[in-house]
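The values are calculated or read from the model by the stated rules, or taken from the named source; none is laboratory data. Since the model is a prediction, treat every value here as computed from it, not as a measurement. Quick reminder, even Gly has a Cβ in these numbers, built from the backbone with ideal geometry, and neighbours come from all protein chains shown.
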Amino acid sequence: MSKKAKPACFKSMAMIAALACGAATIAAEDAAAQTAGMETADPAPIDPVAIAALDQMAAYLQTLVSFRVRADATTEVVLEGGQKIQFGGDIDLAVHRPDAFKVVSDADTRTREMYYNGGTFTIFAPRLGYYASFDAPPTIGQTLDVARTKYGIEVPLADLFTWGTDQTIRARVQEAMVILPETIGDRQCVHYAFRQENVDWQLWLEEGPEPLPCKIVITSKDDPAMPQYTSVLHWDLSEPVPADSLAFNPPADAHRITIAEVEDAMGDDQ
């Protein structure tokens, strides 16, 4: 007896799979071609062009008296078995130098609002209705440092405040390279890569007279699984941001707690 012919649908699925495999191979070959020589060549560990681009960005950011940034953020969490799980969220940042900012970090699992008015830092969990404050130093950079080191509060996108003022960031760079020009959304950007002792990070800078960060990827080397944080940035420099528009006004039903209680009371929203 002759063998039965395979159904046409089976043939179609096999063809689709073959095409998909071929497309994936081509994409991998393209990526390999673009980065050819990066691992085999032995360039200087720090490319001065990459460092100059970092300095130009930092200098430009320091000229911005006020600005707004919206970020599409993705955070990786590594399970005990090694599987990586990604969580997305939005970050809205508004700044008026030298004495005010507002940061809203919104995700399905957790929402936080952070405010600074030149003398007080406040963190608010709107879903839970709790807020706490501490007396803050007179500058944004000092306040970010106190929030992190004394209270364990990490302000999202804090590097946008400190680039150009914190020289230790530049001093900690051990390797720096220029990758290639790339398109991020509708922006033409140049891709750079940097290495430090405990972290690798990539930076895409917009080409032109306004070298704004288009995208940031941070890879933690403290964890063997090397989880990543990715943020795509969308800037709005069209209108000034008044300092008084960033003030914290607690809702009538909000409850004030002490800053020492923040972690216990504000864990995860869900």
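Observations
- Scanning region 212-230 for residues that are of a type in the set (Phe, Trp, Tyr) and at pLDDT 90 or above turns up at least one hit.
- Boolean, residue 140 is closer than 24 Å to residue 232 by Cβ, surrounded by 20 or more Cβ atoms within 10 Å (Cβ to Cβ) and in contact (Cβ under 8 Å) with a residue 24 or more places away in the chain: yes
- Residue list for region 55-87, restricted to those being under 21 Å from residue 164 (Cα atoms), touching a Phe, Trp or Tyr at 6+ places or on another chain (Cβ under 7 Å) and β-branched (Val, Ile, Thr): 69
- In summary, residue 90 fulfils each of the numbered conditions (1) of a type in the set (Asp, Glu); (2) crowded, with 17+ Cβ neighbours inside 10 Å; (3) free of Cβ contacts under 8 Å to residues at least 24 places away in the same chain with the single exception of condition (2).
- Contacts under 6 angstrom Cβ, first residue in region 195-213 being closer than 25 Å to residue 185 by Cβ, partner assigned to a loop (DSSP other than H, G, I, E, B) and modelled with pLDDT of 95 or more, 6 or more apart: 205/211; 206/212
- Top-ranked residue of region 161-198 - restricted to ones that are at pLDDT 95 or above and aliphatic (A, V, I, L, M), ranked as farthest from residue 46 (Cα to Cα): 184
- Complete set of residues in region 130-148 that are at pLDDT 90 or above and part of a helix (DSSP H, G or I): 140, 142, 143, 144, 145, 146, 147, 148
- Qualifying strands (runs of 3 or more DSSP E) (wholly inside region 161-239; at least 1 residues being of a type outside the set (Gly, Ala, Ser) and more than 19 Å from the chain's Cα centre (by Cα)): 175-184
- Matching residues in region 198-254 - criterion: being surrounded by fewer than 18 Cβ atoms within 10 Å (Cβ to Cβ) and among the charged types (D, E, K, R): 200, 207, 210, 221, 222, 223, 236, 239, 244, 253
- A count restricted to region 152-191 and to residues that are aliphatic (A, V, I, L, M) and under 28 Å from residue 140 (Cα atoms) stands at 9.
- The number of residues in region 50-69 that are under 17 Å from residue 99 (Cα atoms) and not aliphatic (A, V, I, L, M) comes to 5.
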